[in-house]
Amino acid sequence: MPTSTPPPLSSWARNIAPSPTLAVDAKAKALAAAGEDVCSFAAGEPDFDTPQHIKDGCAAALQAGKTKYVATSGIEELRRAIAESYGSVYGLKVLPGQVVVSPGGKFSCYLAVLAVCSPGDEVVIPAPYWVSYPEMVKLAGAVPKIVLASDRSGFKLTAGQLEAAVTPRTRLVIINSPSNPTGAVYSRAELEALMAVAERRNLYVLSDEIYEHLVYDGLKQTCLATLGKGAEERTIVASGFSKSYSMTGWRLGTIVAPPPIAKAVAELQSQTASNATTFAQYGALAALRQGEKTRVALEKMLAAFDRRRRTLHARLTAIPGVSCLLAQGAFYLFPNISSFGLGSLEFCERLLEKEKVAVVPGAAFGAEGHVRMSYATSDETIEKGVARLAAFCARLKA
Ligand SMILES: *Cc1c(COP(=O)(O)O)cnc(C)c1O
């Protein structure tokens, strides 16, 4: 028998870019494990524990034997509680049949893309973008159309930019407010202008609102589906429990969508992942049912994030050559480091090597000249890490 090398992997496997944010985080953790004193701003998750009453809800369900398959879209009580919360928080009338609970917000977004995009369709993605959007669009056989929204426009896509990017093949635009990686929050008026374009050009809108509860300065989150009848018919709101409730490892994401889209998402999920972990869903149910306890935990986390946001911003803007917008949501700042004349990748590699400070290159988010810094880390790390960053920048300028 002649031996032959096995055939190549698929084009999906060969063309996917691994998550660069997880890669930097892994490198920083490896250095720390080797005994280095690393200051990491690379984390993409809250540094708080999941609130106790949520864990208790899950543990009780586990003990009670809630360990079997349930409805693909999620347990009925949870879908009803999610639908009701959209009513109480945003005044949006949502039926449980419009809600699908998935294994993580990332998977929710991916299924939403699969539900509305066919191969060859175009998807408008504003940059800086969350690293997974272009990859999930490509995995659907669709084509990402990246449009740069720079710091001069507050990292926000304008209606004019959207209009100019739309072609007859455009099916979907992805909006992420508050944003990862910039922390930018769109105003209601800005979203209305974008929605007007989406309606005129007949696009679907995927509104990734996973950071919906993490907004500062007394700002109010606008849920895109609340912008009128036309918005309701074409908007898929993605969210989940990961960021607001410090539940990243639980893997619980949600979509709220018009009934035909919710049905499609549920069917896609039924043949790929089935239901999100059953007992985890009972933890999420406790988060919504014991709203007062959840609110207290969230307020505590928000106060800490807000304090760190201001500290990080003040320290960064005091560094000659660095400029930075004071973003109003999520837990990231996205400083501009273009004055140092290094690519963002090289900047980050040298910073980690010389000063043991981990930040994520803007190039990973489609925005050269920037780095992403997460302030979901201790106040001490922020002070120490930015002092090292300042020393690094001073040497680059010298
Ligand atoms: C974290 C995140 C998600 C969802 O994360 P999961 O851990 O899969 O729930 C979705 N969108 C953005 C922009 C995020 O940063």
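With the condition kept exactly as written, say whether any residue in segment 142-154 is under 27 Å from residue 267 (Cα atoms) and among the acidic types (Asp, Glu). No, every residue in segment 142-154 fails to be under 27 Å from residue 267 (Cα atoms) and among the acidic types (Asp, Glu).
Among the residues of segment 96-140, write down those that are hydroxyl-bearing (Ser, Thr, Tyr), closer than 28 Å to residue 370 by Cβ and surrounded by fewer than 24 Cβ atoms within 10 Å (Cβ to Cβ).
Kept after step one, since they are hydroxyl-bearing (Ser, Thr, Tyr), are these residues of segment 96-140: 102, 108, 110, 118, 129, 132-133.
Narrowing the set further to residues that are closer than 28 Å to residue 370 by Cβ leaves 108, 110, 129, 132-133.
Listed by number, the list holds a single entry, 132.
It is to be established whether one or more residues within segment 42-52 are away from the ligand (no atom under 16 Å from the Cβ), touching a residue at least 40 places away in the same chain (Cβ under 8 Å) and touching a helix residue (DSSP H, G or I) at 6+ places or on another chain (Cβ under 6 Å). Yes, the conditions are met somewhere in segment 42-52. Based on what the data block shows, is residue 367 modelled with pLDDT of 95 or more and either part of a helix (DSSP H, G or I) or of a type in the set (S, T, N, Q) (or both)? Judged against the criteria, residue 367 is not a match.
Residue 60 meets each of the listed conditions (1) touching a residue at least 12 places away in the same chain (Cβ under 8 Å); (2) more than 19 Å from residue 249 (Cα to Cα); (3) outside the structural domain of residue 329 (by TED's automatic domain parsing) apart from (2). Taking the criterion of being surrounded by 10 or more Cβ atoms within 10 Å (Cβ to Cβ) and either touching a His at 6+ places or on another chain (Cβ under 6 Å) or small (Gly, Ala, Ser) (or both), the residues of segment 1-25 that qualify are 17, 19, 23. Of the helices (runs of 4 or more DSSP H) lying entirely inside segment 71-140, those carrying at least 3 residues that are under 23 Å from residue 194 (Cβ atoms) and within 15 Å of the ligand (Cβ to nearest atom) are 105-116, 132-139.
Taking segment 189-207 as the range and being out of contact with any Ser or Thr (no Cβ under 6 Å at 6 or more places or on another chain) and in a helix (DSSP H, G or I) as the test, the residues that pass are 189, 190, 192, 193, 194, 195, 196, 197, 198, 199, 200. Only one of the numbered conditions (1) under 15 Å from residue 90 (Cα atoms); (2) near the ligand (Cβ under 10 Å from one of its atoms); (3) without any contact (Cβ under 8 Å) to a residue 12 or more places away in the chain is not met by residue 238, and that is (3).
When segment 252-267 is examined, which residues are found to be away from the ligand (no atom under 16 Å from the Cβ), small (Gly, Ala, Ser) and crowded, with 20+ Cβ neighbours inside 10 Å? Selection gives 262, 266.
Residues are listed down the side, and each one gets a yes or a no for (1) in the same structural domain as residue 40 (by TED's automatic domain parsing); (2) over 21 Å from the mean Cα position of the chain (by Cα):
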site	(1), (2)
281	no, no
286	no, yes
303	yes, no
319	yes, yes
333	yes, no
338	yes, yes
342	yes, yes
346	yes, yes
354	yes, yes
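Every test in (1) in contact (Cβ under 8 Å) with a residue 60 or more places away in the chain; (2) charged (D, E, K, R); (3) more than 12 Å from the ligand (Cβ to nearest atom); (4) in contact with a strand residue (DSSP E or B) (Cβ under 9 Å, 6 or more places away or on another chain) is passed by residue 208 save one, and that test is (3). When 283, 249 are screened for being without any contact (Cβ under 8 Å) to a residue 12 or more places away in the chain and either of a type in the set (Phe, Trp, Tyr) or within 16 Å of the ligand (Cβ to nearest atom) (or both), only 249 passes.
Residue by residue, here is whether (1) touching a Lys or Arg at 6+ places or on another chain (Cβ under 7 Å); (2) in contact (Cβ under 8 Å) with a residue 40 or more places away in the chain holds:
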{"site": "87", "(1), (2)": "yes, no"}
{"site": "106", "(1), (2)": "no, yes"}
{"site": "121", "(1), (2)": "yes, yes"}
{"site": "130", "(1), (2)": "no, yes"}
{"site": "134", "(1), (2)": "no, yes"}
{"site": "143", "(1), (2)": "no, no"}
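Residue under question is residue 27, and the condition is that it be in a helix (DSSP H, G or I), farther than 16 Å from residue 279 by Cα and basic (Lys, Arg); does it hold? So residue 27 passes the test. For residue 273, the conditions (1) surrounded by 22 or more Cβ atoms within 10 Å (Cβ to Cβ); (2) within 14 Å of the ligand (Cβ to nearest atom); (3) over 19 Å from the mean Cα position of the chain (by Cα) all hold with the exception of (1). Just one of the numbered conditions (1) away from the ligand (no atom under 14 Å from the Cβ); (2) part of a loop (DSSP other than H, G, I, E, B); (3) under 21 Å from residue 257 (Cβ atoms) is not true of residue 220: (3).
The values are calculated or read from the model by the stated rules, or taken from the named source; none is laboratory data. Just so we're clear, the structure is a prediction, and the values are computed from it rather than from any experiment. Cβ: placed from backbone, ideal geometry, glycine included. Neighbour counts: every protein chain shown.
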